[in-house]
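Let me begin by presenting the structure, written as structure tokens, before commenting on it.
Quick note: the coordinates plus some simple rules give every number you see, no bench work behind them. The shown structure was predicted, so the numbers you read here are calculated from the model rather than taken from an experiment. Glycine gets a Cβ as well: all are built from the backbone with ideal geometry, and neighbour counts include every protein chain shown.
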Amino acid sequence: MDEAILKIRQLRKHYGENLIFHDIDLDVAEGETIVIIGPSGTGKSTLLRCINLLTHADGGEIWLDGQRINAPGVDEDLVRQQIGMVFQNFLLFNHLTALENVKLGLTKVKKMKDAQATQKALSELQRVGLADRAHHYPGQLSGGQQQRVGIARALAMDPRIMLFDEPTSALDPELIGEVLGVMRQLAEEGMTMLCVTHEMGFAREVADKIVFMEKGSIVEQGSPEDLMYRPEHPRTREFLWKITELYGQQQEGAPADGFEAEPAWKPNEDEV
Amino acid sequence: MFRKFAVIISLVLAAAMLASCAQPTVPTAAPPVSAPAAVELPEKLSQAGKIVVGTSADYPPFEFLDAQGNKTGFDIELMTKLAERMGLKLEWADMPFDSLVAAVQQGKLDASISAFNYSEERDEQVDFSVPYYSSTDAFVVGKGFSGAITKPEDAAHYKIGVQSGTVQDGWLTSNLVETGLLPAENLSRYERAEQAFMDLATGRIVVVMADEVAVKAFMEQNPDLQIVFSAELSTGPMAIVVPEGDTVLKTAFDTLIKQLQSEGFVDELAEKYFK
Amino acid sequence: MNAANFLQYIASGTAYTLGVTLIALPLGLLIGLVLALVYVYGGKAGSRSMQAYSIVLRGIPPIVLLFILYFVVSGAINLSPFTAGALALGIVSSAYQMEIIRGAILSVDAGQMMAARAVGLSRLEAIRSVVLPQAFRHAIAPWSNEVAIVIKDSSLVYALGVPEVLRRAQLIGASNQNYLLAYGAAATIYFILVWLANKSLVGLEKRLAIPGSH
């Protein structure tokens, strides 16, 4: 395996007395898609926010492309440009059209000329199938469309890695498929991705590796095959059983050939 | 969005600057005077060649606006004359009465004339010139008057006559009528003072209130009349306010006021505005 | 003075009334904006000191600040009554406008800032491009109250002798003893100014409304 794009060592985070996670070691190699699963309140979302420095870890190291990014003196704005982030609640800029949402980082951060930024933004919207919605405001778009704009906004910055924080949890069931479709397409294009999601069908089909987190630490990680069908740890087994119970049938052994068969479920509350 | 706000703000600022170009004080230039100053003036004034005087032009007949909207009145004409004698250009600053003393105290104004009566509290903050005008008011009755007026409020027991629009009219209106002591129908206003005395003679009214100087002049022809009470009611001694400790300016005003009084100018003004 | 001249004399004070308002409002907005940013983003020290600023300034009657500025401060810097009045009202207004803008900023979902930072925008750029454009829209409605208050408070500069609408009404009323007509005219002018300001702000709010949002 090549040198990992993202390397995490002994990462630790607490809020006051509350330990959110600890001893996290994780490598993400170029072109890899890694899915993190686990119960709510386990620190998965906080982990993503620590990675792109929206919140700061209390110990451990994060390396991006061989550079230590959670260290004093690092230009955090520069780091965030290289890490795309997709939020559970989309968090589109409400006062801007889809096009302007995607353009903002290009003109304000990358200092691109307006015409060039428009062109780039349109092609990113095209990539998520929303070129015809370029001039719609977030309030005029469905949840699925908003999330695809959110993905386009992150992609426009040409990030080294994309972080997805439960990107489909806030969506109505019929809208989940279009977002997962875009994510699968990105994975196929070779984008490096780290996704927190409960979409087991997506994980099974697209992920190179699944990481199971519980109570602030990584319990087990491995290929989808190994983790889902031959989990070593009893807690992993218990979790997989639970989400099957709660959210519908996992077709044991059946080829995961589509997101459409994904069980409908309601999201748990996001942690932190 | 942000830019739109910036544009709006700059437009607004530009408009405001235009508006601020207009001077808040309305200078009323005195005619140029060639006569040299007969008195010593504070250096600051003689250097500037002008004196800024505050007044509250809402107090007729002392200071008010005429039909053209220009300041006029007893104080206005007197100060115009005083500035002329000083050889200074006169610049008026209108200001509410309550702000005038503070404005003189803080050096915003060189002096103020606004029917100021001397008071001890004011004297602690500013200095006063000698009084330029004071009048005594007299209550006059005819022969056969059997009542008594030992204090001004006693007049409210009788039908009173007064010349319309005078300071005595003002005093009666605010001190007797508006306080409810004197029924409004018991106050008769006359266009001329003689008309009041004529009605007094016929008994249609019992008391006339008028300036004592004017009354005495009238009594020479009408020995039946008698003054039953007199006091400084409608106008106490009035003086010009100057900054505390500015003895040079105070002396200049004192000298010139006495000059104008002895020349009869002040009486002329009183005749014009109070009678 | 005939009625036409009479009304014209009072109406010509509108220039001063507007002048004071058009200095005080943008000044208050500018200071209020900066202070609101310190309040919201300036940490504990920032919010504490801004709270104090707000309490002190909102506790002082505007007329007192006006006198302080004209009679005390302008011993050092010579201010005209007009300037002192406009500055004083602008400073008073800044405390109220700070509160308005602060409320508007807080009404913008915190996620907006997070998303902007995630794209790589600096904090300042995120405030400028993402938070404030939304906050300003929320601020227009409460702001129109403040506009009305400043227009009406602009009459306070009469105390320094600025010949604005109210002072002119006093002078005219005294000169011809028709106070009812004089003050009636002044009231009508203030009413029209406030009405026009509110109408145009409602228009602005409509024009800037974000399509599809409620």
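What does the highest-first list of B:164-173, A:235-244 look like by mean Cβ count within 10 Å? Don't jump to the answer; show the numbers that get you there.
Working: B:164-173: 19.2, A:235-244: 15.8.
Packing proxy ranking, top to bottom: B:164-173, A:235-244.
Once you average over the residues of A:93-105, how many Cβ atoms of partner chains fall within 10 Å of each Cβ? Before the final figure, lay out each step's value.
Details: counts 10, 10, 17, 6, 3, 0, 0, 1, 3, 1, 0, 9, 7.
That average works out to 5.
Given Cβ point charges of +1 (Lys, Arg) and -1 (Asp, Glu) and nothing else, what value in debye, to the nearest 20, does the dipole of chain A about its Cα centre take? Could you put the intermediate results ahead of the total?
Values: 28 positive and 43 negative charges, 190 e Å.
Charge dipole, chain A, about its Cα centre: 920 debye, nearest 20.
Counting only other residues whose beta carbon sits under 13 Å from that of residue A:104, what net charge do I get with K and R as +1, D and E as -1? Don't skip to the end; give the middle numbers.
Numbers: positive: A:103, A:108, A:110, A:111, A:120, A:153, C:117, C:128; negative: A:100, A:114, A:124, C:125.
Surrounding charge for residue A:104 is +4.
Out of all Cα-Cα pairs in chain A, roughly what percent, to the nearest whole number, are more than 37 Å apart? Before the final figure, lay out each step's value.
Values: 3655 of 36856 pairs.
Cα-Cα pairs in chain A separated by more than 37 Å: 10 percent.
State to the nearest 20 debye the size of the charge dipole of the protein assembly as shown about its Cα centre, where the only charges are +1 on K and R beta carbons and -1 on D and E beta carbons. Numbers along the way, then the final one.
Working: 63 positive and 88 negative charges, 226 e Å.
My answer is approximately 1080 debye.
Helix B:265-274 sits at what angle to the longest principal axis of chain B, using alpha carbons and giving 0 to 90 degrees rounded to 10?
70 degrees
May I ask for the distance between the Cα centers of the stretch C:147-214 and the stretch B:93-142, given as a whole number of Å?
33 Å
Debye calculation, C-alpha points only, no solvent: report log10 I(q)/I(0) for the protein assembly as shown at q = 0.04, 0.08, 0.10 Å⁻¹, in the same order as the q values.
Values returned for q = 0.04, 0.08, 0.10 Å⁻¹ are -0.34, -0.78, -1.01.
Identify the residues of the stretch B:63-92 with backbone N under 20 Å of a label point that sits 7 angstrom from the Cα of residue B:259 along the Cα-to-Cβ direction, or state none.
Of the residues in the stretch B:63-92, B:75-91 have backbone N under 20 Å from the label point off residue B:259.
In chain A, what percentage of the DSSP-assigned beta bridges are antiparallel, given to the nearest 5?
On the way: 19 of 35 bridges.
Looking only at bridges with both residues in chain A, the antiparallel portion is about 55 percent.
Answer with one residue from A:186, B:175, B:150: the one whose Cα lies farthest towards the positive end of the charge dipole of the protein assembly as shown, charges on Cβ with Lys, Arg +1 and Asp, Glu -1.
It is A:186, whose Cα lies furthest towards the positive end.
Would you calculate the separation in nanometres between label points at residue C:47 and residue A:170, each defined as 7 Å from the Cα along the Cα-to-beta-carbon direction?
2.3 nm
Take every residue in peptide C:19-25, count the Cβ atoms of other chains within 10 Å of its Cβ, and give the average of those counts. Spell out each step's value before the answer.
Numbers: counts 9, 4, 3, 10, 7, 1, 3.
Mean inter-chain Cβ contacts per residue within 10 Å come to 5.
Using packing as a proxy for protection, rank A:71-82, B:238-249 so that the peptide with the highest average count of other Cβ atoms within 10 Å comes first. List each step's numbers first, then the result.
On the way: A:71-82: 14.3, B:238-249: 20.1.
Those peptides, ordered most packed to least, come out B:238-249, A:71-82.
Net charge around residue B:115, counting only other residues with Cβ within less than 12 Å of its Cβ (Lys, Arg = +1; Asp, Glu = -1)?
Values: positive: none; negative: B:58, B:63, B:75.
Within the 12 Å Cβ shell, the charges total -3.
Relative to the Cα centre, what is the charge dipole magnitude of chain C, using +1 at the beta carbon of each Lys and Arg, -1 at the beta carbon of each Asp and Glu, and rounding to the nearest 20 debye? Could the numbers behind the result be given before it?
Working: 14 positive and 7 negative charges, 66 e Å.
The dipole magnitude comes to about 320 debye.
Projected onto the charge dipole of the protein assembly as shown (+1 at Lys/Arg Cβ, -1 at Asp/Glu Cβ, origin at the Cα centre), which of B:132, A:137, B:100 gives the Cα projection farthest towards the positive end?
A:137
Report Rg (one decimal) and Dmax (nearest whole number) for the stretch C:18-163, counting Cα atoms only, units Å.
16.9, 55
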